[in-house]
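Enquirer: Sharing a structure below in structure tokens format, with a few things to ask.
The values are calculated or read from the model by the stated rules, or taken from the named source; none is laboratory data. What you see is a predicted model; the values in this text were computed from it and never measured. Note: ideal-geometry Cβ built from the backbone for every residue, glycine included; neighbour counts use all protein chains shown.
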Amino acid sequence: MKLDKESLKLALIFKGAIVKRLLAGMLVLTSITFVLVYLHNNNAEEYKKLNMTISGALPGYMGAALGLLLVFRNSTAYDKWWEARKEVGALVNTARNLAITLNGLLPFNTPERKDVSHLLICFTFSLKAHLRDQVEKTSLDILSEEDRVLVENAKHRPVVIANIMTNKIENVWKRKLITDIQQSLLIEKIHGLVDILGKCERIKNTPIPMAYMYLLKFLINLYVIILPFSLVDEIGWLCIPLVILLYYILMSIVITAEEIEEPFGYDLNDLEMDKIALNIKNNIEEIVTHD
């Protein structure tokens, strides 16, 4: 029941946000349609001279084309969101696997055991901040002084953190505290984190072409403006609510697509990166034991 209430609350907030974004367009469209219906119903001379009624075939063809474009637009945006969700899920699994491997292979009395586990936590939070074009500061407090200075001075913090983790594993291997195979297993997990980082960057840095988005919005506005001219003879004043409803539905699909195609931000439909990063931190702290 709690989940249902929360979902309903989020849905209402999202709908309210859409209405605010579309309010200006809805008012303009209402004004245009009102003037058209008024002139038509009053048999105004301006309406007769301009002969503004058009065949219903044109909006029908445009509606079919718009439907195909909207399906493609929404599908493309959802593909980006879903790919991002899979990579974030892979981040959770890889971080847990690295923590388990670290806990099982590194000797308990080595300082690298604690350092690498803290660096792994820091990597997760730094990756989240990096994908949001922010700078992570809070999680750096758990690092050793030497590691914290290196990370703070880095231009690309997640990559530098991964490099520090690799160097620490190499140091343990050089002291012959782990075997070649154990060293390879740990390094492989760190490389997996870097692979996930690169894939998330690709998702973030590959937007839908702006020309395509503007064209779709232009066609939607053109469609809802033309539509009343083909319906005014048949439904009269009902043109106004019908056109507003169609405009809201079509533009809502576009706005939803715009929101989910950038899945690492703070919008309602974005991935819960803060919660995911905190869960990874709690998992690592529970898995890796040290003084």
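Enquirer: Can you pull out the helices (runs of 4 or more DSSP H) entirely within region 126-231 that have at least 3 residues that are more than 30 Å from T110 (Cβ to Cβ)?
Expert: Correct list: 180-204.
Enquirer: Which of the residues that make up region 267-290 are in contact (Cβ under 8 Å) with a residue 40 or more places away in the chain and either of a type in the set (K, R) or part of a loop (DSSP other than H, G, I, E, B) (or both)?
Expert: Answer for region 267-290, where residues must be in contact (Cβ under 8 Å) with a residue 40 or more places away in the chain and either of a type in the set (K, R) or part of a loop (DSSP other than H, G, I, E, B) (or both): L268, N269, L271, K281, V288, T289, H290.
Enquirer: Still on this structure: Could you grab me the full set of residues in region 151-196 that are surrounded by 18 or more Cβ atoms within 10 Å (Cβ to Cβ), of a type in the set (A, V, I, L, M) and more than 30 Å from E83 (Cα to Cα)?
Expert: Result: I169, V172, I178.
Enquirer: Inspect all residues belonging to region 89-110 and state whether any of them is modelled with pLDDT of 90 or more, over 16 Å from L278 (Cβ atoms) and touching a Pro at 6+ places or on another chain (Cβ under 8 Å).
Expert: No - not one qualifying residue is present in region 89-110.
Enquirer: Evaluate the following for L10: is it hydrophobic (A, V, I, L, M, F, W, C), within 30 Å of N282 (Cβ to Cβ) and modelled with pLDDT under 85?
Expert: Taking the combined requirement at face value, the residue satisfies it.
Enquirer: Go over the candidates A84, A95, A129 one by one and state the one that is touching a Lys or Arg at 6+ places or on another chain (Cβ under 9 Å), under 21 Å from L271 (Cβ atoms) and surrounded by fewer than 21 Cβ atoms within 10 Å (Cβ to Cβ).
Expert: None of the others qualify; the one that does is A129.
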